[in-house]
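Please read the structure below before turning to the comments.
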Amino acid sequence: MPQNLSKFIEECESAPRLNEMFAFFSATAAGRSGTPKKSPVVDPRLLQYDAQLLKFAEKHQTLWGHFDAHYFSSIPYRLEEEIRLGDALLEYGKSGRRPHSPVGYYVLGAAEGTFARTLSSMVDGSILTLSCSPNKENEECFFRHGRPRFSSFFCAPFHRLTSSFLTSDTILRPLDGKFDVILEDTTFQMYSPNRSAQIEFVKRYLKDDGLFLFVDKLQHNDAAEYVRREMQKDYGYKARYFSEKSIERKNKKILERMVLNEVTLESMAKAVGDHFHHACMTWNSGNFYTIIASDNANNLQELVERMCEPCIPHEYIYEELPTALPGFSTEMPSFRQPLREEA
């Protein structure tokens, strides 16, 4: 727990995500604004025609809510990465890790919970998932596809989650308040740059050998390089889905404020190092990164081995992947080869 818990909670309550940004996220989650000109579609070529990825993508698409289309149109090839990561987490959870109890995944701040719900729906009770969002509209979208048997939703920001909720929720009760995997999805950057305290607060819900994943937008030590990558994102990708006026409006309303809460890769690595012994990077898209941390090197390496190569054009990748996070010596295995069905 953060040393000064009350101060941390106060910091979260006064954060942009729950105040000046709240209306934007509500309207987008309800489909009243932020809708792209066309819905993003998975490119099977980027998925390398991998049979497992295509199967996950098909199920994933059936559970989309309003915010999903906005989100996947905003971050270059984030859709393909969610499918790549989802397939790896699905296989990781199915691997007999907890022979006598289900595996638990907590996806923190992922809008209507599509990712978590897809994972739990593709196995019969061996993976239980939790999603959270402070916006009621996201909860409504979560239940729009029916009430799931193995996935729960907490309609509140991440810092209001309690152990009593986890142990009383009928779906999550078998997990005893702890998760095997926690995924923070572009959420911490909406609250503050206080990464170490954020990680510390959430880690109490992670099992000792669990994996903590972060999908985050990071600052760059070279301000000009950060801007170049933003231009690539906005006019090489987002322009396919949003008008120039819409892109500029969001930059002014959300991103200019959010950038104040972003941290550099080096700062993120230090914060992760405050709480974990092993960490690596497995994906990069411009200023966005996927980072995995754990105190169990074998579990981390197993998840990485279950990932195929990043499903993204090379010009958006600025890192050698997979690689240990700066300051870590974690040994990295190779990504797996595509699994294609015989013709």
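Some observations on this one:
- Reported count of residues in segment 1-23, each being in a loop (DSSP other than H, G, I, E, B) and surrounded by 15 or more Cβ atoms within 10 Å (Cβ to Cβ), is 3.
One line per residue, one yes/no per condition, for (1) in a helix (DSSP H, G or I); (2) of a type in the set (S, T, N, Q):
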{"residue": "Cys280", "(1), (2)": "no, no"}
{"residue": "Ile292", "(1), (2)": "no, no"}
{"residue": "Leu303", "(1), (2)": "yes, no"}
{"residue": "Pro310", "(1), (2)": "no, no"}
{"residue": "Tyr318", "(1), (2)": "no, no"}
{"residue": "Thr330", "(1), (2)": "no, yes"}
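- So Ala269, is it touching a Ser or Thr at 6+ places or on another chain (Cβ under 9 Å) and of a type in the set (A, V, I, L, M): no
- Segment 74-103 residues that are touching a residue at least 40 places away in the same chain (Cβ under 8 Å), paired with ones that are acidic (Asp, Glu) and assigned to a helix (DSSP H, G or I) (beta carbon under 7 Å, 6 or more apart): Tyr92/Glu302
- Residues of segment 121-159 that are in a helix (DSSP H, G or I), touching a Lys or Arg at 6+ places or on another chain (Cβ under 8 Å) and not polar (S, T, N, Q): Phe142 alone.
- Of the residues making up segment 297-307, just one is more than 26 Å from Leu54 (Cβ to Cβ) and in contact with a helix residue (DSSP H, G or I) (Cβ under 9 Å, 6 or more places away or on another chain), namely Asn299.
- Residues that are outside any helix (DSSP H, G or I) and either in contact with a Gly (Cβ under 6 Å, 6 or more places away or on another chain) or among the hydroxyl-bearing types (Ser, Thr, Tyr) (or both), drawn from segment 264-278: Thr264
- Ile317 crowded, with 17+ Cβ neighbours inside 10 Å and either in contact (Cβ under 8 Å) with a residue 60 or more places away in the chain or not charged (D, E, K, R) (or both): no
- For the condition at pLDDT below 95, within 25 Å of Cys311 (Cβ to Cβ) and out of contact with any His (no Cβ under 6 Å at 6 or more places or on another chain), Ala88 does not qualify.
- Candidates are the residues of segment 24-67 that are touching a helix residue (DSSP H, G or I) at 6+ places or on another chain (Cβ under 8 Å), of a type in the set (A, V, I, L, M, F, W, C) and in a loop (DSSP other than H, G, I, E, B); the one that is nearest to Glu91 (Cα to Cα) is Leu47.
- Taking every residue in segment 51-67 that is more than 19 Å from Ala30 (Cα to Cα) and at pLDDT 95 or above and pairing it with any residue that is in a helix (DSSP H, G or I) and aromatic (Phe, Trp, Tyr), at least 6 positions away or on another chain, the pairs with Cβ-Cβ distances below 9 Å are His60/Phe115.
- Residue in segment 271-289 that is out of contact with any strand residue (DSSP E or B) (no Cβ under 8 Å at 6 or more places or on another chain) and under 30 Å from Gln52 (Cα atoms) present: yes
- Single unsatisfied condition, Ser164 versus (1) outside any strand (DSSP E or B); (2) among the hydroxyl-bearing types (Ser, Thr, Tyr); (3) buried (at least 22 other Cβ atoms within 10 Å of the Cβ): (3)
- Residue within segment 206-223 that is without any contact (Cβ under 8 Å) to a residue 40 or more places away in the chain, surrounded by fewer than 18 Cβ atoms within 10 Å (Cβ to Cβ) and in a helix (DSSP H, G or I) present: yes
Yes or no, residue by residue, for (1) of a type in the set (Val, Ile, Thr); (2) farther than 28 Å from Phe153 by Cα; (3) at pLDDT 95 or above:
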{"residue": "Phe188", "(1), (2), (3)": "no, no, yes"}
{"residue": "Ala197", "(1), (2), (3)": "no, no, yes"}
{"residue": "Leu218", "(1), (2), (3)": "no, no, yes"}
{"residue": "Leu255", "(1), (2), (3)": "no, no, no"}
{"residue": "Met258", "(1), (2), (3)": "no, no, no"}
{"residue": "Val263", "(1), (2), (3)": "yes, yes, yes"}
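- Filter result (under 17 Å from the mean Cα position of the chain (by Cα) and of a type in the set (A, V, I, L, M)) within segment 157-181: Val181
- Filtering Ser120, Ser151, Ser131 for residues that are in contact (Cβ under 8 Å) with a residue 24 or more places away in the chain, of a type in the set (Ser, Thr, Tyr) and in contact with a Pro (Cβ under 8 Å, 6 or more places away or on another chain) leaves a single hit, Ser120.
The values are calculated or read from the model by the stated rules, or taken from the named source; none is laboratory data. Since the model is a prediction, treat every value here as computed from it, not as a measurement. All Cβ positions, even for glycine, are placed from backbone atoms using ideal geometry, and neighbour counts span all protein chains on display.
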